[in-house]
Amino acid sequence: MDVSEKFDLPANPVRKMRKEGRFRTFKAGVVVINNKNSTISCTIRNQSVSGARLRVEGVFQPPAIFTLRVPGDNWQTECEVVWRKDGEVGVRFLSGQTSLNTPPS
């Protein structure tokens, strides 16, 4: 299976100085924090198999480690912030994607 198919990504990556190409996207996401009691809306601006660039809504910024949920694609993953700039954050995925329909273990 092609990487773009596995993660539902378009075929043309945005390349810079990264190990993997990132794919432009405009997906709604949710930053989940505070033991799943609080959320922050965000937009996923680009994505690769190992991370993403998020545009965060409002004044609140995500903590260093959080869960990213993507309801439109039915997945979530743990993330670590690697950079912050002008309302955007770059994150590294710390775990594989899991379905939002999967019950917690």
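Remark: T67 matches the filter, which requires a residue to be under 17 Å from T98 (Cβ atoms) and within 10 Å of the chain's Cα centre (by Cα). Restricting the first member to the stretch 9-34 and to residues that are in a loop (DSSP other than H, G, I, E, B) and surrounded by fewer than 10 Cβ atoms within 10 Å (Cβ to Cβ), and the second to residues that are at pLDDT below 50 and small (G, A, S), the beta-carbon pairs closer than 7 Å and six or more apart or on different chains are A11/S4. I'd like the full set of residues that are in a strand (DSSP E or B), among the aromatic types (F, W, Y) and surrounded by fewer than 17 Cβ atoms within 10 Å (Cβ to Cβ), limited to the stretch 49-98. Residue satisfying the conditions is W83 alone.
Against the numbered list (1) under 12 Å from the mean Cα position of the chain (by Cα); (2) touching a residue at least 24 places away in the same chain (Cβ under 8 Å); (3) not in a strand (DSSP E or B), N101 comes up short only at (1). Applying a threshold of 6 Å to beta carbon distances and a minimum spacing of six or more residues, or different chains, the list of pairs starting in the stretch 65-86 at a residue that is in contact (Cβ under 8 Å) with a residue 60 or more places away in the chain and ending at one that is surrounded by fewer than 17 Cβ atoms within 10 Å (Cβ to Cβ) reads D73/D8.
The values are calculated or read from the model by the stated rules, or taken from the named source; none is laboratory data. Everything numeric here is computed off the predicted structure, so don't read it as measured data. With ideal geometry, Cβ positions are generated from the backbone for all residues, glycine too; neighbour counts draw on all protein chains shown.
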